[in-house]
Amino acid sequence: GWQVSMKSGSLSYILPCSRLPVQLMSQVRVYTSNGQKKDLGSEDTNGSAPGETLHKVETGRQDTTNAGQKQSSPKQPIQVKVKAVLKKREYGPKYTQNNFITGVRAINEFCLKSSDLDQLRKIKRRSPHDDTETFTVYLRSDVEAKSLEVWGSPEALARERKRRKEAEIKYRENLFRNQRLLWEYKQFFGNTKPRSSTAAMFFKGPGKVVMVAICINGLNFFFKLLAWVYTGSASMFSEAIHSLADTCNQALLALGISQSARTPDPSHPYGFTNMRYIASLISGVGIFMMGAGLSWYHGIIGLLHPHPVESLLWAYCILAGSLVSEGATLLVAINEIRRSARAKGLSFYQYVVQSRDPSTNVVLLEDAAAVLSVAVAATCMGLTSLTGNPYYDSVGSLGVGTLLGTVSAFLIYTNTEALLGRSIEPEQLQRLTELLESDPVVRAIHDVKATDMGMSKVRFKAEVDFDGRVVTRSYLEKQDIEQLLQEIQQVKTLEELEAFMLKHGDNIIDTLGAEVDRLEKDLKQRNPDVRHVDLEIL
């Protein structure tokens, strides 16, 4: 009869089956701040600490008249502590409709006119451009509502977007025809604009050097070709080919200079300055293939099938004139490089090796090779005249080809390095890094990169760890502290606290953006070659 078991919480009692009492089952639920639930059975609470049993049940066996009855202690009130937290917001497409959008994007993306935006709410924001402090933006939701008002339905707006897209594609396909019509219009009515900057580039600096070299090398090619036809000298043929290669390559350099002056467009946001390096690289390849290749070929043919050389008097006269003209062009290039190197604080050798001005470098090296090749050709032709052995003349052709091959290899190497995007000098990079690290708002900088984009244009990039305390103090210095304290004292509810934090949090972010703009301006002032600065916030 003692085998019946009753279970209450975690306590088990063995009672006689003839005396079955009524056992109360007590269960207490305790809620924590993290939303978890605990079930506690009835345990003894004598001397218990908080968090232990909250309810006690006492059972005892009394006399036969009170058998089966149970005495229990009075219930204690349950204390539940709730942690106040803000409700988590779900940021969906409806929330992002209140993002800001510029007037240009509103007109292009939603097919509106500038007059349609006059009726919308205008918001002044900090400008991302250096030339303006603030600019006007619009709420995206207002712009979308206005576009639906103008076009009537989303389907009509989509059809208009499709129509404009097709018109843009058609315009691009007919771009050449439009440019031709514009040129004819200018020719008919006259172009009253001042001389363009592209034409002015060929009257000073590297453009002037290239134009002088084109004229001189063109004349040299014409006279050397006549001398080769008259004498049949292999060395004179190499010289004629050398002058022709120089003329073609320098014409290519002129094209590169004119293309590098084009203004940046959406397809090429960083401009076309690398066109000079591309033209110089192609020029180096052209020297190697056309100049060195033909010179080697003619020299080898002369060694395999030698033939007597005619009178070299006219050849000597033409070589002497070529030496004078090539030397004059070489002096012009040397003076231009010296002036540019002095302005950059570099030596003559450093300026040439680093290929700071690829166009002038090509003229310098080509004219230096031309002067040396004239000396080599004249020497070999003189030995042929004295000894009557035509092999000296063929060896001179091979020597000129080797000299041109060396120059072309140097040009290919230096221009390839420039196009790959090499880093600036370590001393310059160290100065820029120290400027950032010495600023109070910067806590640390990482992953610093400074790339030479060519033609004295540097792109600087760094990941910056900003000190939030300094940024906040910078914001507080511009605020009325008394008014700010009053706003804090008026905060009584969670909603008011959220509104207060959102207001000042947005302003602190704007202050951080202003600090980034200030650092970018300081970097450009420290090194004028820095044109593009990218500071990433950690």
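Descriptive notes on the structure:
- Residue match in segment 459-469 (condition: modelled with pLDDT of 90 or more and assigned to a helix (DSSP H, G or I)): yes
- The residues on offer are A409, A375, and the sole one that is within 17 Å of L319 (Cα to Cα), touching a residue at least 24 places away in the same chain (Cβ under 8 Å) and open to solvent by 30 Å² or more (accessible area, probe 1.4 Å) is A375.
- Scanning segment 523-532 for residues that are assigned to a helix (DSSP H, G or I), touching a residue at least 60 places away in the same chain (Cβ under 8 Å) and farther than 13 Å from V464 by Cβ gives a single hit, R526.
- Test: residue in segment 389-397 that is acidic (D, E), more than 30 Å from R526 (Cα to Cα) and open to solvent by less than 40 Å² (accessible area, probe 1.4 Å): yes
- Residues that are part of a strand (DSSP E or B) and of a type outside the set (A, V, I, L, M) were ranked within segment 108-127; the one that is modelled with the lowest pLDDT is R126.
- Meets criteria (open to solvent by 90 Å² or more (accessible area, probe 1.4 Å) and of a type in the set (K, R)) for K524: no
- Any chance R431 is open to solvent by 40 Å² or more (accessible area, probe 1.4 Å), more than 26 Å from I301 (Cβ to Cβ) and free of Cβ contacts under 8 Å to residues at least 12 places away in the same chain: no
- Selected residue (criterion: farthest from P528 (Cα to Cα)) from residues of segment 458-473 that are under 13 Å from the mean Cα position of the chain (by Cα) and surrounded by 15 or more Cβ atoms within 10 Å (Cβ to Cβ): A462
- Counting the residues of segment 344-390 that are assigned to a helix (DSSP H, G or I) and basic (K, R) gives 1.
- Among the residues making up segment 378-421, those that are of a type in the set (S, T, Y) and under 52 Å from the mean Cα position of the chain (by Cα) are S397, T402, T406, S408, Y413, T414, T416.
- Check on I287, closer than 22 Å to A370 by Cα, open to solvent by 40 Å² or more (accessible area, probe 1.4 Å) and not basic (K, R): no
- Any pair with Cβ under 7 angstrom, 6 or more apart, that starts in segment 104-118 at a residue that is under 10 Å from S147 (Cα atoms) and ends at one that is among the aliphatic types (A, V, I, L, M) and open to solvent by 60 Å² or more (accessible area, probe 1.4 Å): L112/V150; D116/V150
- Sole residue being at pLDDT below 80 and under 17 Å from I318 (Cα atoms), chosen from S233, S243: S233
- Between T198, T192, the distinction of being surrounded by fewer than 15 Cβ atoms within 10 Å (Cβ to Cβ), modelled with pLDDT under 80 and within 34 Å of the chain's Cα centre (by Cα) belongs to T198 only.
- Options D465, D447, D452, D529: the member that is at positive phi and charged (D, E, K, R): D447
- Of residues in segment 223-282 being in a loop (DSSP other than H, G, I, E, B) and within 30 Å of L383 (Cα to Cα), the one least open to solvent (accessible area, probe 1.4 Å): S233
- Condition met for L219 (modelled with pLDDT of 85 or more, hydrophobic (A, V, I, L, M, F, W, C) and not assigned by the TED database to the domain that holds L117): yes
- Residues located in segment 300-315, provided they are surrounded by fewer than 16 Cβ atoms within 10 Å (Cβ to Cβ), part of a helix (DSSP H, G or I) and at pLDDT below 80: L313, W314
- S340 in a helix (DSSP H, G or I) and more than 41 Å from the chain's Cα centre (by Cα): no
- Residue that is farthest from I257 (Cα to Cα), among those in segment 412-458 that are among the hydroxyl-bearing types (S, T, Y) and in a strand (DSSP E or B): S423
- Residue within segment 477-496 that is open to solvent by less than 60 Å² (accessible area, probe 1.4 Å) and under 22 Å from S340 (Cα atoms) present: no
The values are calculated or read from the model by the stated rules, or taken from the named source; none is laboratory data. As the structure is a computational prediction, the values presented were derived from the model and not from experiment. All Cβ positions, glycine included, derive from the backbone under ideal geometry; neighbour counts span all protein chains shown. Remember, those area values only see protein heavy atoms, side chains included, never the ligands or the DNA or RNA. Shrake-Rupley method; radii C 1.70, N 1.55, O 1.52, S 1.80 Å.
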